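For reference, the structure discussed in these notes is given below.
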Amino acid sequence: MPEAAAPPALTVLLAGPRGFCAGVDRAIQIVERAIERYGAPVYVRHEIVHNRFVVESLEAKGAIFVKELDAVPADAPVVFSAHGVPKAVPAEAERRKLVYLDATCPLVSKVHREAEHHHGAGHLVILIGHAGHPEVIGTIGQLPPGAVVLVEDADQAQALTVDVPADQLAYVTQTTLSVDDTAEIVSILHQRFPGLHGPKKEDICYATTNRQAAVKAIAARCDALLVIGAPNSSNSKRLVEVAARAGCARSHLIQRGRDLDPALLRGVATVGITAGASAPEVLVDELLATLGQWFTLTIEEVVVTTEDVVFKLPKQLVS
């Protein structure tokens, strides 16, 4: 009886860093520790992070996810998501005397403070970001109506008109944007509005920057590149775009390995793999296991930097 043919060979380039960032890790810990401290259920306003696997894992432990605070009972604790919330949300929680925990990423909170600082200095704030994203909604909600102007892309930056002098303008950015796209937008704004005020340190977070750099390091070597992440995850979608621009046109966003369409890898000898900042490493392992059923794998990890950032938990959970 003839031997079965060996599976075709596939080289896997694992981008590093990938997956969870410190802000996501902190937010998940907040929900888990709140369940331990207060008992189930603990309510969470919106998805704690943009990943269904994470959300469903927390639901299994006793978290209940809701759209707004009116769905939270008076005697139940509630956690605000890592993306940040408008000021009206904690104000409403306090009005209702709810026990609440704020899981906003500290780097998002930094942008909130910058926006408040510029507003306090009399500046009109330009926010570079994507309309409708929870982080953008939260940042706009730190200031009074009309105090923030949203710019989404280079064309909008080029067309922007304002009624204040350039030296009374300032900009902040969403933390999960494309580094290159944002640099182009900022350059246009500086050209059009000399004297524009900006952050002392860029608002795009270290994790977004590092994951995009890691993708750039492998993209040109890949026939295809898979980004593990949710379709509503800004940083994950940006990784797909970055990969395509960096030399891998066959770049795809997938939610998990078990759902991978084999057709995406037809004719592929080298595939790159990364994961957005809200995707756990277990989903990378699942994808590798799926690929191992179809191919003989050779795995190479390509690490551009290491991360050691850790954010403290709220005092209510450590005392």
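The values are calculated or read from the model by the stated rules, or taken from the named source; none is laboratory data. Since this is a predicted model, take the numbers as computed values, not measurements. Backbone-built Cβ (ideal geometry, glycine too); neighbour counts: all protein chains shown.
Can you confirm whether VAL85 is out of contact with any Asp or Glu (no Cβ under 8 Å at 6 or more places or on another chain) and either buried (at least 22 other Cβ atoms within 10 Å of the Cβ) or part of a helix (DSSP H, G or I) (or both)? For VAL85, the condition - out of contact with any Asp or Glu (no Cβ under 8 Å at 6 or more places or on another chain) and either buried (at least 22 other Cβ atoms within 10 Å of the Cβ) or part of a helix (DSSP H, G or I) (or both) - is not met. Just one of the listed residues (ALA213, ALA224) is surrounded by 15 or more Cβ atoms within 10 Å (Cβ to Cβ), more than 20 Å from the chain's Cα centre (by Cα) and under 30 Å from LEU264 (Cβ atoms), and it is ALA224. So, VAL284, is that one touching a strand residue (DSSP E or B) at 6+ places or on another chain (Cβ under 7 Å), outside the structural domain of ARG33 (by TED's automatic domain parsing) and outside any helix (DSSP H, G or I) or not? When the stated conditions are applied, VAL284 does not pass them.
Residues of region 246-270 that are under 18 Å from VAL302 (Cβ atoms), surrounded by fewer than 16 Cβ atoms within 10 Å (Cβ to Cβ) and in contact (Cβ under 8 Å) with a residue 40 or more places away in the chain: ALA269 alone.
The residues on offer are ILE273, ILE299, and the sole one that is of a type outside the set (Phe, Trp, Tyr), more than 16 Å from the chain's Cα centre (by Cα) and crowded, with 17+ Cβ neighbours inside 10 Å is ILE273.
Here is a list: GLY122, GLY132. Which entry is touching a helix residue (DSSP H, G or I) at 6+ places or on another chain (Cβ under 7 Å), more than 25 Å from GLN29 (Cα to Cα), in a loop (DSSP other than H, G, I, E, B) and not aromatic (Phe, Trp, Tyr)?
Of the residues listed, the single one that is touching a helix residue (DSSP H, G or I) at 6+ places or on another chain (Cβ under 7 Å), more than 25 Å from GLN29 (Cα to Cα), in a loop (DSSP other than H, G, I, E, B) and not aromatic (Phe, Trp, Tyr) is GLY122.
For ALA9, the requirement of being at pLDDT 95 or above and either in the same structural domain as ARG238 (by TED's automatic domain parsing) or closer than 28 Å to LEU297 by Cβ (or both) is met. Contact annotation: residue pairs with Cβ atoms under 6 Å, 6 or more positions apart or on different chains, pairing a residue in region 82-103 that is at positive phi with a partner that is of a type outside the set (Phe, Trp, Tyr) and assigned to a loop (DSSP other than H, G, I, E, B), are GLY84/THR104. Restricting attention to region 56-76, the residues being surrounded by fewer than 18 Cβ atoms within 10 Å (Cβ to Cβ) and outside any loop (DSSP other than H, G, I, E, B) number 9. Check whether at least one residue in region 227-236 is within 16 Å of the chain's Cα centre (by Cα), farther than 23 Å from ILE299 by Cα and in a helix (DSSP H, G or I), and report yes or no. Yes - at least one qualifying residue is present in region 227-236. Taking the residues in region 287-296 that are in a helix (DSSP H, G or I) and surrounded by 11 or more Cβ atoms within 10 Å (Cβ to Cβ) as candidates, determine which candidate is farthest from the chain's Cα centre (by Cα). Among those residues, the one meeting the criterion is TRP294.
Residues of region 194-210 that are outside any helix (DSSP H, G or I) and crowded, with 21+ Cβ neighbours inside 10 Å: ASP203, ILE204, CYS205.
Quick one: which residue in VAL162, VAL186, VAL242 is over 22 Å from LEU297 (Cα atoms) and crowded, with 23+ Cβ neighbours inside 10 Å?
Of the residues listed, the single one that is over 22 Å from LEU297 (Cα atoms) and crowded, with 23+ Cβ neighbours inside 10 Å is VAL242.
If you go through region 14-51 and pick out every residue that is crowded, with 23+ Cβ neighbours inside 10 Å, outside any loop (DSSP other than H, G, I, E, B) and of a type outside the set (Val, Ile, Thr), you end up with 4.
Yes or no: ASP180 surrounded by fewer than 16 Cβ atoms within 10 Å (Cβ to Cβ) and over 25 Å from GLU47 (Cα atoms)? Against the criterion (surrounded by fewer than 16 Cβ atoms within 10 Å (Cβ to Cβ) and over 25 Å from GLU47 (Cα atoms)), ASP180 qualifies.
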